[in-house]
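To start, the structure under review is shown below, and the notes come after it.
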Amino acid sequence: MPKYLLWNFSREVLLASSLRVVRGLFQRLRNFLRFRPPRAGEAVLVSHCLLLPTYYAREPLDLVFLDDRGYVVGTVGCAAPRHSVRRDRRASDVVALPANALQTVPISVGDRLSLIWTRPPRE
């Protein structure tokens, strides 16, 4: 599985040193049914998500909504577990961060986030 980093280009800050990318219906179902919330330094990107169900989350999550070019169009701090969160109309992807990460990590509307693929070390 490829390894990604989440980088804030607008502020030149590393947001997550480990990013799980969830694409397609099967991966979404598997991720939501066996959901493991991100820990410090981790994030989960759910692509093309209209409604983000947090029914299986055991703890609150911070959510960052991105448009199709990677710009932040909205944020939700501490989204309660066992609820559904509607995305912003302009958003196409959602990044889930650990609870209260938005207080410590500088992210605001208009910032440009990017996935950076990292090559595994060769032995």
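The values are calculated or read from the model by the stated rules, or taken from the named source; none is laboratory data. Here the structure is a predicted model, which means the values were calculated and not measured. So basically every Cβ, Gly included, is an ideal-geometry build from the backbone, and we count neighbours across all protein chains shown.
Checked against the criterion of being within 22 Å of residue 9 (Cβ to Cβ), part of a strand (DSSP E or B) and modelled with pLDDT of 85 or more, region 22-41 contains not a single residue that satisfies it. Per the listing 52, 6, the residue uniquely modelled with pLDDT of 85 or more and under 13 Å from the mean Cα position of the chain (by Cα) is 6. Taken over region 88-113, the criterion of being over 17 Å from residue 42 (Cβ atoms) and out of contact with any Asp or Glu (no Cβ under 9 Å at 6 or more places or on another chain) is satisfied by 89, 106, 108, 109, 110, 111, 112. The set of residues from region 71-114 being under 11 Å from residue 6 (Cβ atoms) and surrounded by fewer than 18 Cβ atoms within 10 Å (Cβ to Cβ) comprises just one member, 114.
Rundown of residues vs (1) under 12 Å from the mean Cα position of the chain (by Cα); (2) at pLDDT 80 or above; (3) of a type outside the set (A, V, I, L, M), yes/no style:
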site: 67; (1), (2), (3): no, yes, yes
site: 70; (1), (2), (3): yes, yes, yes
site: 83; (1), (2), (3): no, no, yes
site: 86; (1), (2), (3): no, no, yes
site: 103; (1), (2), (3): no, yes, yes
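Could you tell me which residue of region 88-101 is modelled with the lowest pLDDT, considering only residues that are out of contact with any Leu (no Cβ under 9 Å at 6 or more places or on another chain) and either hydrophobic (A, V, I, L, M, F, W, C) or over 18 Å from residue 16 (Cβ atoms) (or both)? Per the stated criteria, the residue is 88.
For every residue, the table says whether it meets (1) closer than 19 Å to residue 10 by Cβ; (2) of a type in the set (S, T, N, Q).
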| site | (1), (2) |
| --- | --- |
| 62 | yes, no |
| 82 | no, no |
| 86 | no, no |
| 94 | yes, no |
| 104 | yes, yes |
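Figure legend. Inter-residue proximity from region 79-92: first residues over 13 Å from residue 62 (Cα atoms), second residues small (Gly, Ala, Ser) and part of a loop (DSSP other than H, G, I, E, B), beta-carbon distance below 8 Å, spacing 6+ or different chains. Indicated pairs: 82/57. Name the single residue, out of those in region 9-20 being under 16 Å from residue 46 (Cβ atoms) and aliphatic (A, V, I, L, M), that is nearest to the chain's Cα centre (by Cα). Filtering first and then ranking leaves 19.
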